[in-house]
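Visitor: Dropping a structure here in structure tokens format, bear with me for questions.
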Amino acid sequence: MSLRRTAAIALRQFYLIRGSVARLVPLFAWVAVDMVLWGFITRYLNAITSSSFNFIPTLLGAVVLWDFFARVMQGVTTAFLEDVWSRNFLNIFATPLCIADYVAGLVLSSIVTSSVGLAVMLALATTVFGLSFLSYGIAILPFLLVLFLFGIALGIFASGVVLRLGPASEWFVWPVPALISPFAAVFYPVSTLPGWMQQVARLLPPSYVFENLRAIVAGRSGSPASLLAAALLAAIDILLASWFFRYIYRHAVRTGLIARYSAESVS
């Protein structure tokens, strides 16, 4: 893998974003809307409940972390889809670029774009609603790392799906965070789920993140062992997703599918 080629993929995304307001605004606009909406919801819940329970760190904190995960995943898929939309996919792989360089470039692009979204979320949550993740110090880093790794895994897998099924299948990508959120138990304990959903939740690294988050907010100690298990699960997911993308790419090259990729759909 070449670091220069990886950086070139990320640099291309930078030039695309810099030259287009339509690409720049979504980096922070939707996360800002989420923060404002959920911030006022949590304030309202605090106002109408008689208990001393504070909804802001529980609900708004979960929204921040889940939006971060979604932005990481979409950072990978959007960078991939830019080449699909611009009919540039064949040009990319006509160069000496290898598949590892390309995927690493997508990941690097996602790091930058998701960092922008995270900075905006933290700024709004802290200054407007008084939620400060900085008070947790470096203890918050394992949470972000697990969500980042799993977001990268899902982004690579979703890109492979689009590569196999064609540009029209991009609509399978956007709902993925919403589809897995009930199983990830973002806003409620895993124990509230039916048995079969709990089994699925145990396979999803985010469920361990949010279980530990709720424990810490409630004044209990988190479980380093469960976070480590979540990190290992996420790392395995990345390896499987990378294998899947490489397999689909080789299949596309071998069958000539990649040469017909400008079509609306392929079979």
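Visitor: May I ask you to list the residues in region 179-195 that are under 22 Å from Leu154 (Cα atoms) and either in contact with a strand residue (DSSP E or B) (Cβ under 8 Å, 6 or more places away or on another chain) or assigned to a helix (DSSP H, G or I) (or both)? First the steps, then the outcome.
Guide: Just the residues of region 179-195 that are under 22 Å from Leu154 (Cα atoms), to begin with: 179-187, 190.
Passing the criteria: Leu179, Ile180, Ser181, Pro182, Phe183, Ala184, Val190.
Visitor: Taking only region 56-91 into account, find how many residues are free of Cβ contacts under 8 Å to residues at least 24 places away in the same chain and either hydrophobic (A, V, I, L, M, F, W, C) or crowded, with 24+ Cβ neighbours inside 10 Å (or both).
Guide: Filtering region 56-91 down to residues free of Cβ contacts under 8 Å to residues at least 24 places away in the same chain leaves 83, 86, 88, 91.
Keeping just the survivors that are either hydrophobic (A, V, I, L, M, F, W, C) or crowded, with 24+ Cβ neighbours inside 10 Å (or both) gives none.
Count: 0.
Visitor: Let me ask something else about it. List every residue pair whose Cβ atoms sit under 6 Å apart, with the two residues 6 or more apart in sequence or on different chains, where the first one lies in region 165-178 and is over 27 Å from Ala201 (Cβ atoms) and assigned to a helix (DSSP H, G or I) and the second, anywhere, is modelled with pLDDT under 80 and not aliphatic (A, V, I, L, M).
Guide: Ala168/Glu264; Ala168/Ser265
Visitor: Within region 251-267, work out how many residues are modelled with pLDDT of 70 or more and surrounded by 12 or more Cβ atoms within 10 Å (Cβ to Cβ). Before the answer, list the steps.
Guide: Going residue by residue through region 251-267, those that are modelled with pLDDT of 70 or more are 251-258.
Cutting the leftovers down to surrounded by 12 or more Cβ atoms within 10 Å (Cβ to Cβ) gives us 251-253, 257-258.
Of the residues in that region, 5 qualify.
Visitor: Given the conditions (1) surrounded by fewer than 19 Cβ atoms within 10 Å (Cβ to Cβ); (2) assigned to a helix (DSSP H, G or I); (3) within 16 Å of the chain's Cα centre (by Cα); (4) among the hydrophobic types (A, V, I, L, M, F, W, C), which single one is not true for Ile216?
Guide: Ile216 satisfies every listed condition except (3).
Visitor: Here's another thing I want to ask about it. Can you pull out the residues in region 15-45 that are more than 24 Å from Leu124 (Cβ to Cβ) and modelled with pLDDT of 80 or more?
Guide: Of everything in region 15-45, those that are more than 24 Å from Leu124 (Cβ to Cβ) and modelled with pLDDT of 80 or more turn out to be Tyr15, Leu16.
Visitor: Now for a different question. Can you tell me which residues in region 1-34 are under 29 Å from Leu59 (Cα atoms), part of a helix (DSSP H, G or I) and among the hydrophobic types (A, V, I, L, M, F, W, C)?
Guide: Leu24, Val25, Leu27, Ala29, Trp30, Val31, Ala32, Val33
Visitor: Do we have Ala153 as within 26 Å of Leu203 (Cα to Cα) and modelled with pLDDT under 85 here?
Guide: no
Visitor: Out of everything in region 93-119 that is surrounded by fewer than 20 Cβ atoms within 10 Å (Cβ to Cβ) and in contact with a Phe, Trp or Tyr (Cβ under 7 Å, 6 or more places away or on another chain), what residue ends up being nearest to Arg4 (Cα to Cα)?
Guide: Ile99
The values are calculated or read from the model by the stated rules, or taken from the named source; none is laboratory data. Please read all numbers here as calculations on a predicted model, not as lab measurements. No Cβ is skipped: glycine too gets one built from the backbone with ideal geometry, and neighbour counts run over all protein chains shown.
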